[in-house]
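Worksheet: one structure, shown below.
A short reminder: the numbers here are calculations on the coordinates, not readings from a lab. Predicted, not measured: the structure shown is a model, and the values here were computed from it. Neighbour counts are summed over all protein chains in view; Cβ atoms, including those assigned to glycine, are modelled from backbone coordinates with ideal geometry.
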Amino acid sequence: MKNKILVTGGAGYIGTHTCIALHEAGYEIVVYDNLSNSSREAINRVSNLIGQPIEFIKGDIRDAEAMRNVFSSHHFFGVIHFAGLKAVGESVAKPLLYYNNNVSGTITLLEIMAEYGVKNLVFSSSATVYGDPETLPIDENSKRSCTNPYGQSKLAVEYILEDLTVSDNSWSLIALRYFNPVGAHSSGQIGEDPNDVPNNLMPYISQVAVGKLDKLNIFGNDYPTVDGTGVRDFIHVTDLAQGHVAALNYLEGQINTGKRDSVGFLPINLGTGKGTSVLELVTAFSKVSGQPIPYKFAERRAGDIASCYASADKAKNLLDWQAKLSITDMCQDSWRWQRMNPNGYYIK
Ligand code: NAD
Ligand code: UD1
């Protein structure tokens, strides 16, 4: 058995897939989640998939006492920190909720980690911190800027992590900047379970394919892209999960070879390096599912950018990680999850 890892937000979409990858890589895991955007059923399914119960603690990262209880009863090598709210529109309507949950919550987590001498962290950042990129592909040194409270909360946490490593170089903090996570576990047992009507493209397409929604609105067909629709770097959630295992392996490697001080604050993109347009994704999904995906062109969505895709070189060079799964795999697995679970996990 390898080191023990605390997974905050481990009941969520990316967290559940990462728990499986961590278990397969031999890590012992403890999941801490307040279930504000997830369900116990997700944890049950992860337990079934790995063939043993997961240690799950229901709690909030802003609750210092509850966190102290967790840290005092376990010896963690580090934390993978997924816990956070992620809906851009909601963040505009409720900025205080987002800053409180995502920024204050992370500060509380870091304070408790410091108390218990746990100084290794992998943080869920986002390509959203690059705002409207000046050049493509986007590398980690690109300018950071955000236009909505969700993005600002990710950026604020990145600055906090950076300052922390300046104050004390025994912290090793990796910020993984995810591009557009899609897809589901190949078993069809776990996947993305949006509340209400999805905001993001892939769950919207899946719900049109399964007949829950009538048609897709494609936001803008006059962007300077291959076919006028937006271009994104879609990455399979299973590849993303492996990226977290690679990040932990990297941290362990640095620490075991006496190079802890060299990690500091390390931002790394997790993307495929390839852009796919909205129309290309719709066509791929329709082909894989055998279902028509009716769509109409609509106005551009406020805050959207034309194109966004990663330079994935740093992850390859430092972490020895690269995405393996294709757009077809992403569509196949999203479709399987949607078909097998037309109402998501049911139990909220
Ligand atoms: P998710 O909502 O499915 O998972 C987040 C989990 O955190 C949920 O289970 C939720 O209940 C939990 N949580 C939220 N606030 C909490 C709190 N205060 N205390 C304890 N638990 C709390 O989202 P996801 O898609 O799995 O995203 C995971 C992380 O990755 C988030 O931080 C998100 O901002 C970031 N991210 C996601 C995407 C994406 O497209 N999904 C892209 C970039 C970054
Ligand atoms: C969005 C968020 C981003 C967040 C990411 C992952 C915005 C502006 N950005 O990114 O901060 O990190 O989700 O949660 O909300 N599209 C349609 N029709 C739809 C839905 C989407 O045409 O019904 C298009 C969009 O215009 C875009 C592309 O599909 O061109 C991808 O959209 P989406 O899946 O929402 O991801 P992002 O906008 O890249």
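Some points to look at:
- Filtered residues of region 289-322 (kept if more than 16 Å from ligand 2 (Cβ to nearest atom) and surrounded by 14 or more Cβ atoms within 10 Å (Cβ to Cβ)): 289, 291, 311, 312, 313, 314, 315, 316, 318, 319, 321, 322
- Top-ranked residue of region 91-133 - restricted to ones that are in a helix (DSSP H, G or I) and without any contact (Cβ under 8 Å) to a residue 12 or more places away in the chain, ranked as surrounded by the most Cβ atoms within 10 Å (Cβ to Cβ): 114
- Tallying residues that are over 15 Å from residue 200 (Cβ atoms), in contact with a helix residue (DSSP H, G or I) (Cβ under 8 Å, 6 or more places away or on another chain) and outside any helix (DSSP H, G or I) within region 301-338 yields 7.
- Taking the criterion of being touching a Ser or Thr at 6+ places or on another chain (Cβ under 7 Å) and away from ligand 1 (no atom under 13 Å from the Cβ), the residues of region 187-216 that qualify are 206, 209.
- Test: residue in region 52-72 that is touching a residue at least 40 places away in the same chain (Cβ under 8 Å) and hydroxyl-bearing (Ser, Thr, Tyr): yes
- Being assigned to a loop (DSSP other than H, G, I, E, B), under 30 Å from residue 3 (Cα atoms) and out of contact with any helix residue (DSSP H, G or I) (no Cβ under 6 Å at 6 or more places or on another chain) is a description that applies to residue 258.
- Look at (1) surrounded by 14 or more Cβ atoms within 10 Å (Cβ to Cβ); (2) outside any helix (DSSP H, G or I); (3) touching a residue at least 12 places away in the same chain (Cβ under 8 Å) and you find that residue 241 fails only one, number (2).
- Here the strands (runs of 3 or more DSSP E) wholly within region 171-224 that include at least 2 residues being near ligand 2 (Cβ under 10 Å from one of its atoms), over 20 Å from the mean Cα position of the chain (by Cα) and of a type outside the set (A, V, I, L, M) are 216-219.
- Test: residue in region 39-50 that is of a type in the set (S, T, N, Q), under 30 Å from residue 128 (Cβ atoms) and assigned to a loop (DSSP other than H, G, I, E, B): yes
- Put simply, of 80, 107 the only residue that is within 15 Å of ligand 1 (Cβ to nearest atom), of a type in the set (Val, Ile, Thr) and over 19 Å from residue 13 (Cβ atoms) is 107.
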